[in-house]
Ligand code: FES
Ligand code: FES
């Protein structure tokens, strides 16, 4: 039995400790924001936070997160309101299929927490582990810039 805290709720998970965390989140807990892309730390679609650090849930096992606190993109929606990064992605029509976006939202919110006024290069660097097969990177970067500006004026 492994105990983890997921988006603030304590969960006891009865599964093989070698199970990739993404399967636990999606299949045991019904949290579908982390997406399985490559399974090899090459696309970022599965990225979440463990103890406030970005990790790849495809390559992290359940056993490795025993006792830790996990945050997925679901936690960014507060009282039905989207996070400013999510809102900006929508406003900029940044996503096409959207498959990459949960991972990107996790990276972007992490960036803004540490660097509230990122330059375009800062954003590009923060997103470098993330692939977007739809080629939406430019609009995604614009959206994150917009969210950062709004943060600033808030
Ligand atoms: S699915 Fe984890 S990095 Fe691609
Ligand atoms: S919007 Fe389709 S992969 Fe990024």
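Values in this text are rule-based calculations from the coordinates and carry no lab data. On a predicted model such as this, the values are computed, not experimentally measured, just so you know. Note that each Cβ is placed from the backbone with ideal geometry, even for glycine, and that neighbours are counted across all protein chains shown.
Structure data summary
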read-out: 36, 54 arranged by Cβ crowding within 10 Å, fewest neighbours leading; value: 36, 54
read-out: Rounded to 10°, Cα long-axis angle of helix 101-114 versus longest principal axis of the chain; value: 70 degrees
read-out: Per-selection Kirkwood Rh - the range 12-92 (Cα, Å, 1 d.p.); value: 13.4 Å
read-out: Residue 11 versus residue 93: modelled label distance in nm, points set 7 Å from Cα along the beta carbon direction; value: 3.6 nm
read-out: Order of 82, 40, 111, 29 - criterion: other Cβ atoms within 10 Å of each residue's Cβ, fewest first; value: 40, 82, 29, 111
read-out: Rh by Kirkwood over Cα pairs, then Stokes-Einstein D for the chain at 1.567 mPa s and 4 °C, µm²/s; value: 82 µm²/s
read-out: Helical mean residue ellipticity (222 nm; -39500 (n - 2.57) per DSSP H run of 4+; nearest 500) of the chain; value: -9000 deg cm²/dmol
read-out: Residue order, fewest to most beta carbons within 10 Å, for 79, 110; value: 79, 110
read-out: Rounded tilt (10° steps) of 137-153 against the dominant C-alpha axis of the chain; value: 80 degrees
